[in-house]
Structures are given as structure tokens and as C-alpha cells.
1. Please report Rg (one decimal) and Dmax (integer) in Å for the Cα set of region 55-158.
2. Kindly state, to the nearest 0.05, the FRET efficiency for ALA373 paired with LEU297, given R0 = 25 Å and r defined as their beta-carbon distance.
3. Rounded to the nearest 0.05, what FRET efficiency do ASN211 and LYS435 have when you use their Cβ-Cβ distance and R0 = 41 Å?
4. How big is the Cα convex hull of region 306-456 in projection, averaged over all directions, in nm²?
5. What shape does region 271-321 have by the C-alpha gyration tensor, where a ≥ b ≥ c are the square roots of the eigenvalues, rounded means a/c under 1.5, and otherwise prolate means a/b greater than b/c and oblate the rest?
6. Search the structure for amide H atoms under 5 Å from the amide H of TYR358, placed 1.01 Å from N in the peptide plane, and list their residues when 5 or more places away or on another chain.
7. Can you tell me the length gained on complete extension of the stretch HIS45 to ALA250, counting 0.36 nm per residue apart and subtracting the Cα distance?
8. Give me the mean projected area, in nm² to one decimal, of the convex hull enclosing the Cα positions of region 153-310.
Amino acid sequence: MKYYSTNRQAPEVSLSEAVIKGLAPDKGLYMPESIHPLPQSFFDHIQDMTLQEIAFEVAKAFFGDDIPENDLRHIVYDTLQFDIPLVKVNPQIYSLELYHGPTCAFKDVGARFMARLLSYFAKPADGNTGSKGNIHVLVATSGDTGSAVANGFLGVPGIDVTVLYPQGKVSEIQEKQFTTLGQNITALEVDGVFDDCQRLVKEAFMDKELNEKFFLTSANSINVARFLPQAFYYFYAYAQIKKMLGDGNAALDNVVVCVPSGNFGNICAGLFGKMMGLPVKRFIASNNANDIFFQYLASSHYNPRATQATIANAMDVGDPSNFARIVNLFGDGQHKAEKIQPEDAHEAICQLISGATYNDDQIREAMRLALSADGYVCDPHGACGYQALADGLQPGEVGIFLETAHPAKFKDTVEAVIGQTVAIPETLQRFMNGKKQTLPMTKEFADFKAHLLASL
Ligand SMILES: *Cc1c(COP(=O)(O)O)cnc(C)c1O
């Protein structure tokens, strides 16, 4: 399968190139040139399949041309070493708990898959890295991405990871998730802010000498290998609700999926699932106060804004990067030679996706409602999803919201709101017991470069 850029100013590339490059040279996002629908027989029996079996079928539709079946099966099965249960919250609302992975957030799925795919492409026989040896992943983080990427890549052969994070600006629990790992993961504690970390990474990608000596890549969420595998669990959610409601139940034609959204990678994967035949009736994108997408739905104009800090901070995004993919998908980008403008896809988008937006007080209220009405503890992100279903479901519809992180990841916020203690799951506790190992780093590029060169 070939991958084209949403900006249409760059050549089409193979899967391995799209994964290794991340962003297209014209700054567009890579899209698969076709989407293969899955056969009816798959949906007829989906309720009897495991997460891994379902994911493998979905993965074959995207990656089957490029990766031999046995290798792909191994990558998929090794990625999904944890369950993603659908939990009944009330008769109309279900929660897809995406927080049972190593860092207790949904980004584990994409990060683990991408790590294994990169490692596969990095095999010496493939010749991709030539004499430069290991692939070197650089990632700047304000907290959550670093933990998912570092844990996703931990111990994966052929890959070294350097995480840059701003000293004193991430919570202890976040910091511990990428500074206690060792092995192929190095954490640099930068004397600066997140933007300094990001600048250091960007300068490294542009530095001629570093690129001659290293095979550098990024692992951010625009990478096709991080966002596409997120489609897996939409199918698994459907399988579980079909099993719970029983084959033939009319509500199965009225499934609404609600996604707490920031950069819109997660919901974008669900939309790909829909294009592959997943019987979801409609989607709701739930925003916090950073409601650029909500405003776009209302006005057809896309107006990025400066980011505003909220208690659902992983959704604090003022210019969602995957918006371009959604516009492309609905503007039927596969068949267009030109970049598609947001206005041109608006009508089609509005037919399938509606929006919601909640400020911090409303998010707190949603967390209290989920607990008092349904006995369910949401994290601040999942709470946006829960509330949008509570507000927006029509009679006869059944809703699934994506619970994107474990409430214990936002322990202080959640406890202050609901007035109860939140137990820390063992996976998180293990990080807390680990010993922090970091190297201090200035915000000067020359120092960062010298550090990298010294590691050769
Ligand atoms: C990253 C993240 C989101 C937003 O997901 P997008 O794919 O960027 O829309 C929501 N909730 C949590 C907990 C996250 O970490």
C-alpha cells in the first residue's frame, strides 16, 4: 500500500518510509491510498473473537500488503498484551476502558505497535538504516507522550529512545514512568520548558552531522503506525457490545461512539473503522475548553487558537494535528490530487460527527454525576466523553465512550472532585517504586548535540 500526503505536495511513499519519516516533506500527514472494507462474515462472528484476533484482521487490511502474515500477527499479538474491556455504566452508556496497558492510557496501543513496526523495519536485512545501526527515536514530552513512547519501545531490539522533558514541569507519577526504565531508554531533564525540549528535537532533525551519523526519527502521534492501530479497539468495543446485548438486538444499529479528543488521532482511527464497515451509527467528538473542532462543526471555519490549560490536560490542543486527516477522509482525499479545504468537507463531517465542549467546572460536574448516578469513576478526559453521551444520546441509541486514562493518573484532581480516594493500580505503583535515572541537560542545542555524539 502506498501512503500519500494530505498536502499533496510530496511523493507517495511505502509504509516503511511513512513510518520512519513520520511527517511528509511537505508537512502533510500520511494517509493510506485505499481503505479495505472488511467482509460481512467478519462482523457476523466478531462477538466470538478475541481482541488479538480482531486486531489481526484489521491490521491485515492496512498492513497486509507490506508485512508477511506471520510477522504481522506477531507484532499485533505482542502489542496487545492487555485487555480493553467494555464496562456497562448504565443501561444506555458503556465505557471502553483503554487504561489497562503499561502506562494506563490509550496511547499504549499506538506506541507499542509503532515500536514493534519500527523494529521490524529496522532489521539489517531490510537495509533501511544502513551502517548507522540502531534507529534513534527522539521525543519531547510534557508528560504523557513520553511515558507511552518510552514504555512502548522499552527493550525493543534495534531502537534507542531519548526522552527530553522540562525539569520540574511534569508530575512525579508521569516522570517516574519514563525515568525509571533504563535499558534502551535515556531520559534528559532539560533546564527549560516544554517548548525548549521540542526545539532541541526539531533542531536535531535538521542537523546535517547528526543525520549523517544517526538514524533519527520521532514517535509523535501523527505517525501512521501510532494512529492506525487505534482502530483495533473500536472493532473490539463493537464485538463486546454485540455479545452483551445479544445478536439481533435493535440497539446494535444505533451505536454511538464518543471520543474525548485533543489531537484527534484517536477519533480519526475510529472513523477509519467506520469506512471499513464498522457498524457505528455516529460519533461524538468531546472537547474541553479547547473547542476548535466544536466551533468548526458549528461554523464550517477552522480557526486554531492558543492552547488553554484545563484539568483534562492531554486534550489541551489548540490546533489539532489530525484534523487534516479527517478533512481528507471526508473530502474523499483518496481521489483528489489537491489538498482539501476544511469548508469543503464540512457537510460530510457533520453527517457523521457531532461535537460537545466542557469547561473545567462542567468536567468536575460530569465526574460527580458519573459517580453519583452510576457509581463509576471517570478521569477528567473520560468524563467529557461520559457527559457528551448523557447530554446527547437519543432514545433507542446506546453509547460507548472511550475512557482514555486511568483516574489514578490524575489522582489529585479526581480525589478533590469526588471526595474519595482513588487506588493506584499495580502497574503505576511499580513505577513509583522505581529509581529515577536522568541526565541533566541545558537548553542549548550544542550541548544536546554533544551528548548525542558522545553516545556513539
Ligand atoms: C492523548 C490523550 C487524549 C486525546 O487523544 P487524541 O488522539 O489526541 O485526540 C485524550 N485523553 C487522554 C488521557 C490522552 O492521553
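1. Just the Cα atoms of region 55-158 yield Rg and Dmax of 16.0, 58 Å.
2. Working: r = 27 Å, r/R0 = 1.09.
Result of the calculation: an efficiency of 0.35.
3. Efficiency for this residue pair is about 0.75.
4. 15.4 nm²
5. In terms of gyration-tensor shape, prolate.
6. The list, which skips near neighbours in sequence, is ASN287, ASN288, ALA289.
7. Difference between extended and current length: 72.1 nm.
8. Orientation-averaged projected area of the Cα hull: 13.5 nm².
The values are calculated or read from the model by the stated rules, or taken from the named source; none is laboratory data. Note that the coordinates shown come from a computational prediction; the quantities given were computed from them, not determined experimentally. Don't worry about glycine lacking a Cβ; one is built from the backbone with ideal geometry, like all the others, and counts go over all protein chains shown. Calculation scope for accessible area: heavy atoms of the full protein, side chains included, ligands and nucleic acids excluded. Shrake-Rupley method; radii C 1.70, N 1.55, O 1.52, S 1.80 Å.
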